[in-house]
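Student: Shown below is the structure under consideration.
Derivation of every value follows stated rules applied to the coordinates shown; laboratory data play no part. Given the structure is predicted, the values throughout are model-derived calculations rather than measurements. Neighbour counts run over all protein chains shown; Cβ positions are idealised from the backbone, glycine included.
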């Protein structure tokens with residue numbers, strides 16, 4: 001194709017369909033079966049097709065819209081980012097269309113197709129899709145900024161908290177309190193989980209605590225935190241005195257389970273979460289956590305989107321937002337016996 005911009009006709013020819021069918025599939029409209037739609041989208045990604053959104057806008061005379069896709073609407077941080085981003089988009093003259101039905105890659109892709117059909121100029125993807133191949137595919141359909149992961153190897157603008165630094169901050173805090181047996185409840189495939197896990201491992205290694213590294217499977221949910229607590233506290237050979245949970249929801253599940261088993265927090269077990277959701281700062285919970293600023297993430301995300309729309313061919317940008325530790329009552333000094 002050379003340097004010429006790919007057209008719908010090119011996509012139709014490569015996918016072996018009519019131009020009108022290719023157009024319907026790209027817009028997420030009409031009676032296009034799933035297999036055909038998948039073939040057309042694959043052809044669009046292969047040709048690096050990007051719809052001419054300026055021409056669309058002029059043709060439809062519609063107001064300017066920005067799509068926002070939320071992967072886990074029950075995650076308080078993601079919900080807050082979406083809320084702030086919607087308000088910030090308005091300040092730039094865009095009305096936000098928000099989709100909360102993106103809890104799987106398939107649903108996220110369908111949500112983005114629907115937003116494209118509604119003539120959005122770009123999509124702010126908050127934690128969805130999850131898998132990198134899916135992210136790379138949808139990023140080829142429309143200007144996109146991904147919030148929640150760094151995505152080094154994916155050609156998409158990304159804004160995220162420096163989660164490696166956040167993991168290290170959690171470990172540093174617990175080590176300063178005298179803890180050595182520090183475990184981590186993992187976040188699975190959720191946004192940022194891999195880098196938080198890396199930060200935990202790096203922090204433990206930096207303090208010479210490699211032999212005490214323990215990572216148990218988990219997710220960004222209360223139930224996963226409780227399951228992680230049961231797995232860690234059932235090990236009579238090695239019981240942690242402190243746990244760094246992958247997010248605040250997992251930390252809440254961990255604390256609930258520890259209390260159910262008759263342990264005190266932080267007397268028997270210190271707990272650090274991640275996100276600093278509103279509940280973390282309540283008098284009842286008082287959770288030590290790594291603060292992510294929803295406002296900073298939303299602001300950086302919208303700024304990156306406006307820059308991408310103004311310069312579609314500019315180099316891809318990766319933005320790291322620094323986290324900070326917020327120490328509360330869920331962490332305390334390790335006893336002399338447990339620190340040994």
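Student: Mind pulling up the Rg/Rh value for the chain? Radius of gyration and Kirkwood radius, both on Cα.
Tutor: 1.06
Student: Over all directions, how big on average is the projection of the convex hull of the alpha-carbon atoms in region 125-228, in square nanometres?
Tutor: One quarter of the hull surface, i.e. the mean projection, equals 7.1 nm².
Student: What residue among 119, 260, 19 has the largest mean-square fluctuation in a Gaussian network model of the chain, using Cα springs under 10 Å?
Tutor: The residue that fluctuates most here is 260.
Student: Which residue fluctuates most in the GNM of the chain (Cα springs below 10 Å): 180, 295, 13?
Tutor: Of 180, 295, 13, the Gaussian network model singles out 13 as fluctuating most.
Student: Next question, about the same structure. Just to confirm my numbers, what's the Cα centroid distance between region 96-110 and region 259-280 in Å?
Tutor: 32 Å
Student: Going by how many other Cβ atoms sit within 10 Å of their own, how do 161, 7 line up, fewest first?
Tutor: Starting with the residue having the fewest Cβ neighbours, the order is 7, 161.
Student: Once you place label points 7 Å from the Cα toward the Cβ at residue 7 and residue 118, how far apart are they in nm?
Tutor: Result for the modelled spin labels: 3.1 nm.
Student: Which order do the peptides 67-75, 91-99 come out in when sorted by mean C-beta neighbours inside 10 angstrom, highest first?
Tutor: The packing order, highest mean first, is 67-75, 91-99.
Student: Based on DSSP H runs of at least 4 residues, each adding -39500 (n - 2.57), what is the mean residue ellipticity at 222 nm of the chain after dividing by all its residues, to the nearest 500 deg cm²/dmol?
Tutor: Mean residue ellipticity, 222 nm, calculated: -13500 deg cm²/dmol.
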